[in-house]
Amino acid sequence: MEHESLFSLSNPELWVLVALVLFIGLLVVLKVIPGALFSALDAHAAKIKAELDEAQQLREEAQALLADVKAQREEAERQAAGMIEAAKADAKRLAEEAKEKLEEQIKRRAEMAERKIAQAEAQAAADVKAAAVDLAAQTAEAVLTARLVGLKSDPLVDVAIGQMGAKLQ
């Protein structure tokens with residue numbers, strides 16, 4: 001086999017190389033390769049840009065949602081703190097009311113006890129007076145009975161009976 005030089009006109013590889021260069025040159029001149037290549041790159045870039053835009057939009061929505069959740073949490077914490085304060089105030093108010101009611105009830109019961117004691121004292125005094133009156137009546141009866149036993153008739157009773165007859169007429 002003879003070794004021919006690459007740049008010899010009789011070398012078929014040279015003609016294949018020339019044809020390839022002419023073909024690629026023709027495609028470049030007709031803008032087939034750059035147009036297809038650039039359109040494919042533009043489409044890929046547009047797809048990547050759309051994905052980036054969507055990712056940015058999702059990120060903004062996530063940040064907005066996070067801000068809303070934080071605001072809701074803070075509002076819930078404020079409401080909970082307000083409820084706790086209100087509950088503490090209610091508990092304090094209820095304790096004060098209960099204390100006042102207890103003091104009032106103790107005062108009423110003390111007054112009721114004093115009234116019962118006064119009534120008991122009055123009843124005891126009345127019982128003592130009634131017993132004294134009964135004793136005085138029994139004593140008077142005994143004295144009168146002793147006097148009348150000694151006399152057959154009492155001069156006072158006789159005078160009273162005599163006056164009654166005159167008054168009835």
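Residue-wise test of (1) of a type in the set (Phe, Trp, Tyr); (2) at pLDDT below 90; (3) surrounded by 10 or more Cβ atoms within 10 Å (Cβ to Cβ); (4) part of a helix (DSSP H, G or I).
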site	(1), (2), (3), (4)
Ser5	no, yes, no, no
Ser10	no, yes, no, no
Leu27	no, yes, yes, yes
Glu54	no, no, yes, yes
Arg59	no, no, yes, yes
Ala67	no, no, yes, yes
Gln72	no, no, yes, yes
Glu75	no, no, yes, yes
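Could you list all residues from region 8-61 that are in contact with an Asp or Glu (Cβ under 7 Å, 6 or more places away or on another chain) and of a type in the set (Gly, Ala, Ser)? Steps first, answer last, please.
Step one: list which residues in region 8-61 are in contact with an Asp or Glu (Cβ under 7 Å, 6 or more places away or on another chain), which gives 10-11.
Within region 8-61, just Ser10 meets the criteria.
Only one of Lys152, Lys129 is modelled with pLDDT under 70, over 60 Å from the mean Cα position of the chain (by Cα) and either surrounded by 10 or more Cβ atoms within 10 Å (Cβ to Cβ) or of a type outside the set (Gly, Ala, Ser) (or both); which? Full working, then the answer.
On the way: Lys129 fails: modelled with pLDDT under 70.
Only one candidate qualifies: Lys152.
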Original post:
Got a number for residues in region 30-52 being in a helix (DSSP H, G or I), of a type outside the set (Gly, Ala, Ser) and modelled with pLDDT under 75?
Top reply: 4
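The values are calculated or read from the model by the stated rules, or taken from the named source; none is laboratory data. Predicted model only: the values in this text are computed from it and were never measured. Counting neighbours? That spans all protein chains shown, and the Cβs are built from the backbone with ideal geometry, glycine included.
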